[in-house]
Amino acid sequence: MVGGEGGLQHHSCFFFFVFFSYFFFVFFFFRKKMVKFGGILGFDNGIMLATMGPDVSGPKLVAAVANAGGIASLAVPPNNYDLTKTTIQQTKKLTTKPFGAGVLLAFPQTESIRAILDEKLAFLQVFWGDYPKEMVDEAHKHGVKVFHQVGSVEEAEKAVAAGVDVIIAQGVEAGGHIIGTVAVTALVPRVVDVIGNKGTIVIAAGSMSDPRCYAAALVLGAQGICLGTRFVASEEAYANDFYKQQVVKYTEGQTWRSDLYGRLSWRAFARFLDTPFNKEWHDAPDWIQNDDTQPIIGHSVIWGNEVTLRRFAGQAANPTTTGQLDKMVMYAGEGVGYINEILPAAEIVKRMAEGVQIVIKNLKSKFLPSNA
């Protein structure tokens, strides 16, 4: 009898071992498949980290998103070969996955672009200016794809003619600097139509902080989404904790679009949190800018340099920033309403990749015939 019980226990243990082995195999297999949903251009999924400056999307955040299978774009120093190369190499120490880097064409960027090509990153993201075919061809010779962020159909037409690999269609809802004036829902389908059968990939940007928005972008014809504000509220973002907490606190009706901040060096419209300080300056005259007549409100270390921040400065607060943080610009898009907590970047990618599949599945069950 004892021997019989032992044999029974042995078979029971073996049965449960097989059962749980199978369970965990299925769980992790489908979990992996879900996280890899929507892979494009060799990346596991179509979730992109926006280039957020001056240094919010730094090495730690980029590596975290890349390690999660996302499309991560590193913020690099403006027009500085050595420092750009150092920043890229710091990121490479944290990930073996592909990633890219972004530059603003409103400023000279020859040296930073040269470093990005020499380092043979997965892609170069450009924004706020033209990037002609000869420059796209040069990037391709280095094995670097070109992502061009646009805010209009006209810009998209130029980018397609130049032969870029990806167009990021940015709606006016987006946080940070915004080059266009139309909503992402109006822009993305028009850009998709412009591309036609040319094979250029479209990524939607602007209030894409929730899986439902991801699903909507796919319906509009995009193949991926670009997130900025959602990743500001991540553990790895190189943003000041006060800034992150405000992103969690504010909602979609509490952002403002203006060119108030950073006018001294660049007059460009941006979207940011409509803080009590900002409300006081909604009607600021055009001549007000962050020059020497404005009081000093804080200090930061950016790219290793100490920076004095005057009222209306355009630099977002990073962890080194001290001073009157509540009077500083906090870039954010209308997607803040979806953001309720600060999460690890990998968890954000996971929730987006898995969440969009649930949304699509639910839509199919509600609106399509059971045999579809």
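Annotation: amide H-H contacts under 5 Å for ILE71 (H modelled 1.01 Å from N, sequence separation of 5 or more, or interchain): ILE47, MET48, LEU49.
Per-residue ellipticity at 222 nm, computed for the chain from helices alone with -39500 (n - 2.57) per DSSP H run of at least four residues, works out to -12000 deg cm²/dmol. Scanning residues 5 or more positions from THR255 or on other chains, those with amide H under 5 Å from its amide H are ASP274, with H placed 1.01 Å from N in the peptide plane. When the P(r) of the chain is calculated, the portion above 38 Å amounts to 21% of the C-alpha pairs. From the alpha carbon centroid of region 341-372 to that of region 231-265 is 27 Å.
Ranked from largest to smallest solvent-accessible area, with a 1.4 Å probe on the protein heavy atoms, THR87, THR185 come out as THR185, THR87. Taking every Cα-Cα distance in region 62-164 and sorting them into 5 Å bins starting at zero, the pair-distance distribution P(r) comes out as 2, 14, 24, 25, 19, 11, 4, 1 percent. Shown in residue order for region 264-274 are the 3J(HN,Hα) couplings computed by the Karplus curve 6.51 cos²θ - 1.76 cosθ + 1.60 at θ = phi - 60°: 4, 9, 7, 8, 8, 6, 9, 10, 8, 5, 8 Hz (x for Gly and Pro).
With 22 Å as the limit, write out which pairs from LYS85/LYS141; LYS133/LYS198; LYS279/LYS327; LYS85/LYS350; LYS92/LYS145 have Cα-Cα distances beyond it, or answer none.
LYS85/LYS350
Counting only DSSP beta bridges with both residues in the chain, the antiparallel share comes to about 35 percent. In this simple spin-label approximation, ASP259 and ALA284 carry label points 7 Å from Cα along the Cα→Cβ vector, and these lie 1.3 nm apart.
Taking all protein chains together and a 1.4 Å probe, the residues PHE269, PHE123 rank PHE269, PHE123 from largest to smallest accessible area.
So what's the net charge close to CYS213: Lys and Arg +1, Asp and Glu -1, counting the other residues with Cβ under 11 Å from its Cβ?
-1
Distant-in-sequence amide contacts of THR321, defined by a placed amide H-H separation under 5 Å and a gap of 5 or more residues or a different chain, comprise VAL301.
Only protein atoms count toward the accessible area here, which uses a 1.4 Å probe; on the chain, the carbon and sulfur part of that area reaches 57 percent. The residues of region 250-372 expose, per residue, 52 Å² of accessible area to a 1.4 Å probe.
Figure legend: label point modelled 7 angstrom from the Cα of ASP292 along Cα→Cβ; residues of region 231-274 with amide N under 19 Å from it are 262-266. Can you give the FRET efficiency to the nearest 0.05 for ILE342 and GLU134, using r as the Cβ-Cβ distance and R₀ = 30 Å? The calculated FRET efficiency here is 0.10.
In this view, the solvent-accessible surface of THR181, computed with a 1.4 Å probe and all protein chains in place, comes to about 110 Å².
Hydrophobic, long helices, defined as DSSP H runs whose alpha-carbon span along the helix axis is 24 Å or greater and whose mean Kyte-Doolittle value is at least 1.6, do not occur in the chain. The largest accessible area among ASP241, ASP118, ASP291 belongs to the first residue in ASP241, ASP118, ASP291, and the rest follow in falling order (1.4 Å probe, all chains). Among residues other than ALA233 with Cβ under 15 Å from its Cβ, the summed charge is -3 (Lys and Arg +1, Asp and Glu -1). The distance separating the Cα centre of region 196-226 from that of region 114-178 comes to 16 Å.
Placing dummy labels 7 Å off each Cα toward the beta-carbon, the span from ALA106 to THR308 is 2.4 nm. Taking θ as phi - 60° and the Karplus parameters 6.51, -1.76 and 1.60, the scalar couplings of region 312-322 work out to 6, 4, x, 7, 6, 6, 9, x, 7, 5, 10 Hz in sequence order, x denoting glycine and proline.
The values are calculated or read from the model by the stated rules, or taken from the named source; none is laboratory data. Quantities reported herein were computed from a predicted structural model and do not represent experimental measurements. Cβ atoms come from the backbone with ideal geometry, glycine included; neighbour counts cover every protein chain shown. What goes into the accessible areas is simple: the full protein's heavy atoms, side chains included, and nothing from ligands, DNA or RNA. Shrake-Rupley method; radii C 1.70, N 1.55, O 1.52, S 1.80 Å.
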